[in-house]
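Below is one structure, written out as structure tokens; comments come after it.
The values are calculated or read from the model by the stated rules, or taken from the named source; none is laboratory data. It should be emphasised that the depicted structure is a prediction, and the values quoted were computed from it without experimental measurement. In this analysis, Cβ positions are derived from the backbone assuming ideal geometry, glycine residues included, and neighbour counts consider all displayed protein chains.
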Amino acid sequence: HIVSANKGPLVLRMQELKQAARAAGVSIKYSGATAAALPTTDVGLTCLAGADILKIEGIVTGTTNLILTRMAEQGIPYKEALKEAQKMGMAETDPTLDVEGWDTANKTVILANSLMDCNLKLSDVTVKGITNLDPAYVKKTKENGKEIKLLGVAEKINGNVRAYVRSTMIDSTHPLFGVNGTDKGITYTTDTMGIITVTGGRAGPVGTAAAMLKDLINIYRE
């Protein structure tokens, strides 16, 4: 059996990996690869079985959500908020993959290919990160009762799945409104089960390790 939190092989060769696992009669589980402890794939594969997932919206990178929260609450520049996140151990020394949106894009590809019967490539995703956001704009948005969130979105349009990552203004009617700090969240829009949202989930290495342990336990239970 295989348990992994490594996004690279899943983004590049998911279908081949799944075919090889089926041929060998083993399981492959990777819930820790898509937002650490937040049960993203678990909910989609198990709780929404039988439903057609029409849209996925996710705040799946704790680093960028923390930075945006600091910018919104304190009005501080992006670079200052990034330094705070690095001091907390939430951002890498080189945070490029997170802040430019590629971490979210990788996770969005994995989720879409796992749950929406498609074969997206990373190059299919339009990606724009948070590095050029005006802190005054982010803070003013918060003061006006709205929030700026880095969302990874995959949506079925005329039978095809389109995906993008970008900073998006949301209001209190959005299911992911109020997901702040290092918390993450995922919203599934389905044909028969309505809109399902899960939020929270510990970020960082401990959350990822806990997700991998969960996968191991579930393989044993099967």
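State yes or no: is Ala37 among the small types (Gly, Ala, Ser) and either in a strand (DSSP E or B) or free of Cβ contacts under 8 Å to residues at least 24 places away in the same chain (or both)? In short, no.
The residue of region 175-202 that is surrounded by the most Cβ atoms within 10 Å (Cβ to Cβ), among those that are among the hydrophobic types (A, V, I, L, M, F, W, C) and in contact with a strand residue (DSSP E or B) (Cβ under 7 Å, 6 or more places away or on another chain), is Ile186. Looking at Met193, Met169, just one residue is touching a Lys or Arg at 6+ places or on another chain (Cβ under 7 Å), of a type outside the set (Val, Ile, Thr) and at pLDDT 95 or above, and that residue is Met169. When Lys149, Lys156 are checked against the criterion of being surrounded by 15 or more Cβ atoms within 10 Å (Cβ to Cβ), in contact with a Lys or Arg (Cβ under 8 Å, 6 or more places away or on another chain), among the basic types (Lys, Arg) and not in a loop (DSSP other than H, G, I, E, B), Lys156 stands alone in meeting it. Within region 64-86, does at least one residue satisfy the condition of being of a type outside the set (Phe, Trp, Tyr), in a loop (DSSP other than H, G, I, E, B), within 16 Å of the chain's Cα centre (by Cα) and modelled with pLDDT of 95 or more? No, that holds for no residue.
Taken over region 164-222, the criterion of being closer than 16 Å to Ala37 by Cα, of a type in the set (A, V, I, L, M) and within 15 Å of the chain's Cα centre (by Cα) is satisfied by Val179, Ile186, Val198, Ala203, Ala211. Tell me which residues, restricted to region 159-195, are closer than 22 Å to Thr104 by Cα and outside any strand (DSSP E or B). If the condition is that a residue be closer than 22 Å to Thr104 by Cα and outside any strand (DSSP E or B), then Asp171, His174, Pro175, Leu176, Phe177, Gly178, Val179, Asn180, Gly181, Thr182, Asp183 are the ones that fit.
Regarding region 145-166, can at least one residue be identified that is more than 19 Å from Ile53 (Cβ to Cβ) and of a type in the set (Ser, Thr, Tyr)? Scanning region 145-166 turns up no residue that is more than 19 Å from Ile53 (Cβ to Cβ) and of a type in the set (Ser, Thr, Tyr).
If you go through region 43-63 and keep only what is among the polar types (S, T, N, Q), surrounded by 21 or more Cβ atoms within 10 Å (Cβ to Cβ) and part of a helix (DSSP H, G or I), you end up with just Thr63. Kindly provide the set of residues from region 33-61 that are within 16 Å of Asp183 (Cα to Cα) and in contact with an Asp or Glu (Cβ under 7 Å, 6 or more places away or on another chain), ordered by number. Within region 33-61, Thr61 is the sole residue that qualifies.
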